[in-house]
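Visitor: One structure coming up, written as structure tokens, with questions to follow.
No lab work stands behind these numbers, since they all come straight from the coordinates. Treat the numbers as computed from the prediction; the structure is a model and nothing was measured. Neighbour counts are summed over all protein chains in view; Cβ atoms, including those assigned to glycine, are modelled from backbone coordinates with ideal geometry.
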Amino acid sequence: MTRQHILLLLISLCIQHLDCGYVQGSLLKSRYKRQQENDCRTDDGMSGKCVRLSDCNPRPSAISVCMAGIRGVCCPTATVSPQSTDTRTSGDNRCTTPDGTSGSCTRLTECNPRPTNPTVCIGNRRGICCPSSEPVSECGMDMLQLTQIKGLILGGDDAEKGTWPWMIALFGTRGGVTRYHCGGAIIHRQYVLTAAHCFDHGRKPENFHIRVSGYDISVAAQDDVPGAEDAQIEQIIIHPQYNRGKFNFDLALVKLKRPVTRTDQRVCLPEGPGRNLEVKLAHLTGWGNTVEGVDGQEGKNSDILQEITLPVQDISGCRDVYASKLGQLLNNYFPEDIDGSKFYCAGDQEKKKDACQGDSGGPLMASKDSKYYVIGVVSVGGSLCGKNLPTLFTRVDLFSNWIKQTINS
């Protein structure tokens, strides 16, 4: 056996056991990555620590030998970190992060943005679990297989408990007083869709909080329906073309500090611009006023989630109503005009079926194949709910690209 054969055999034994004596020779030295500390980098670019193979759990499928104080393998940092876990997939690249977010197993350099605490995974290849922009779970599931909701938000009936798990109640604090402020809907485990005008008087996240999947907002989350939880806000993102006091581009995203607990509590988004569901009836839920204000006094919002079915009106007729009421002020409030590509118009003024104060930001929904899609967001209506002006809803499909790009970034 030649000297080269002996060296190759010794190298093979060292790589397998990593506790053999020092093997001399240039062939072995070329296999080591020498470091001043025990920091190292794997062959695919992941940061790691130089440890014994027996201390690296899970054991990497492709070993990068290192020598930094000890002879060992470069164990990816996420693997040895106490805050992370190993996520093994079953033959494909799907994986789940420690907080329950679905993702795909990919190289660290290909995951954008990079997670703060990477989770090592082994799918079709070794890498980290990169969170997906959209969870794998189903969206907009019809919890009670409802065909039509009866009742009014204005003077109406209570919703069935657990029917609308994606509903959120936005609370604002001003002058030390916390009050219900607006509605909204979960569209992603860490993002809420609502109206931009809900933040006309302030955009500091610390001045707001959210009740997720709530039903009775007069009680604490632990006393509300199962699955209800309070969430803190990390960021408020207003559509860049929205201007305060005007109603075009009236849309905002709210990023939560932590993903919501449940995976079945998001409503479906339209697939893209111009791909909204065209319906004659749409559903609306919220905690807005159920009693009108009288003589300048505010109305009374509902503590219990309300639901309603609204007829969708012809947009040209709605524009005519607004034009007759606003006159020359129409262009001041609607610089981009009122047309069917930007708004839905819904409500029944004769039967007083309408949205009201406090319903702002809430989702207008259409059902298809036992799933609910958010097609509009409550934007503007008359001061006398259900009487003088129908409600206009910002069309969501127009902003679907902005929504997805914002979440992905």
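Visitor: For R94, enumerate residues with amide H under 5 Å from its amide H, sequence gap 5+ or separate chain, H modeled in the peptide plane.
Guide: C105
Visitor: Turning to a different aspect of this structure: Of the listed pairs K246/K404; K325/K371; K342/K368; K255/K342; K161/K255, which have alpha-carbon separations greater than 31 Å here?
Guide: K325/K371
Visitor: Moving to a separate point now. Peptides 250-257, 399-406: what's the order by average Cβ count within 10 Å, highest mean first?
Guide: 250-257, 399-406
Visitor: Please state the shape class of the range 167-408: rounded when a/c is under 1.5, otherwise prolate if a/b exceeds b/c and oblate if not, all from the C-alpha gyration tensor. List each step's numbers first, then the result.
Guide: Values: a/c = 1.42, a/b = 1.24, b/c = 1.15.
Here the range 167-408 falls in the rounded category.
Visitor: Sticking with this one: How much length is gained on full extension from A220 to T406, taking 0.36 nm per residue of separation minus their Cα-Cα distance?
Guide: The span from A220 to T406 would gain 63.8 nm if fully extended.
Visitor: Using packing as a proxy for protection, rank 160-168, 180-188 so that the peptide with the highest average count of other Cβ atoms within 10 Å comes first.
Guide: Per-residue Cβ counts within 10 Å, averaged per peptide and sorted highest first, yield 180-188, 160-168.
Visitor: Nearest 0.05, what FRET efficiency do V177 and K325 give at R0 = 41 Å with Cβ-Cβ as r?
Guide: 0.80
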